[in-house]
Structures are given as C-alpha cells and as structure tokens.
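Engineer: One structure coming up, written as structure tokens, with questions to follow.
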Amino acid sequence: MSTRRRLIRRVDLRNLYTLLRPLGAAALRPLLAAAHEHVAAAGRAALAHPPPNEAHTHFVHAMLALHDKYSGLFNSVFSGAQAFTGALDKACSEVVNRAPPAKAPELLASRLDKACSEVVNRAPPAKAPELLAR
C-alpha cells in the first residue's frame with residue numbers, strides 16, 4: 001500500500017473516531033473490535049513462519065515491532081484513548097498466548113532470562129549481587 005493511501009486511511013480513521021467519540025462507548029465498540037481484530041491478525045501473520053533456528057528471537061522482535069507500530073498508530077489516530085490502548089494490549093496478549101509454537105510464553109521468558117543474564121554479567125562484580133536482588 002502506498003504512503004499516500006496509508007495517510008488517507010489514517011485521516012479517515014481519525015475523522016471517524018472524532019465523529020463517534022461524543023456518542024459514547026457503545027458507538028466506539030465496533031471500531032474497537034475492528035482495531036483489536038486487525039492487530040491480532042497482523043500479529044498472527046507476523047509469527048506464521050518463524051526461521052527454524054531463530055524462533056525465539058523472531059518471536060520477540062515480531063511482537064515488539066507489532067506493538068511499536070500499532071502503539072504509534074493508535075496514539076496518532078485515536079489520541080492515545082485508553083480504550084484503544086487496551087484493545088492493543090489485549091490483541092498482543094491474544095497473539096502471545098495463541099502463537100503457533102505453543103511455547104510462546106516460554107520462548108519469551110527464556111529470551112528475557114538470557115537478556116537479564118547478559119546484563120548481570122556485564123555489571124561490575126561489586127554490583128552483580130545488587131542486580132540479582134532486584
């Protein structure tokens with residue numbers, strides 16, 4: 001999709017949100033549901049074909065990229081409205097919990113454990129016990 005077309009779609013979404021917001025939560029419900037489903041579908045697509053030896057790295061990077069992309073979009077289009085931020089968080093949680101390699105939470109935990117270990121190992125020896133206590 002071209003950059004011009006994306007910009008037009010953002011403006012259209014912003015205008016739609018501006019029109020629906022004064023009508024209350026019930027009027028925004030279909031837009032929230034569509035935003036949630038769009039993010040969840042994009043997340044499932046991003047995780048559909050991980051590289052065989054880099055599944056954990058691919059998983060983490062894809063989830064971070066997904067969240068960053070839609071967080072920026074939702075902040076600019078929906079003015080950071082709490083309901084849309086919640087829809088983004090729920091969609092990301094849904095993708096994490098239903099990721100193709102049924103071990104997605106374990107992959108995330110192992111990757112975070114590895115990153116924390118690297119931070120502790122880089123710390124000066126005097127600070128390592130302090131970092132572990134946190």
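Engineer: What is the residue count in region 29-75 for residues that are charged (D, E, K, R) and either surrounded by 13 or more Cβ atoms within 10 Å (Cβ to Cβ) or modelled with pLDDT under 85 (or both)?
Structural biologist: 4
Rundown of residues vs (1) of a type outside the set (Lys, Arg); (2) in a loop (DSSP other than H, G, I, E, B); (3) touching a residue at least 40 places away in the same chain (Cβ under 8 Å), yes/no style:
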| residue | (1), (2), (3) |
| --- | --- |
| Leu20 | yes, no, no |
| Arg29 | no, no, no |
| Ala34 | yes, no, no |
| Gly43 | yes, no, yes |
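Engineer: If we keep just the residues of region 76-112 that are closer than 13 Å to Ala40 by Cβ and not in a helix (DSSP H, G or I), which is modelled with the highest pLDDT?
Structural biologist: Top of the filtered list is Arg98.
Engineer: Can you tell me which residue is modelled with the lowest pLDDT among those in region 2-28 that are touching a helix residue (DSSP H, G or I) at 6+ places or on another chain (Cβ under 8 Å) and not hydrophobic (A, V, I, L, M, F, W, C)?
Structural biologist: Only one residue tops the list, namely Arg10.
The values are calculated or read from the model by the stated rules, or taken from the named source; none is laboratory data. Remember, predicted model here, so these are calculated numbers, not experimental data. Note that each Cβ is placed from the backbone with ideal geometry, even for glycine, and that neighbours are counted across all protein chains shown.
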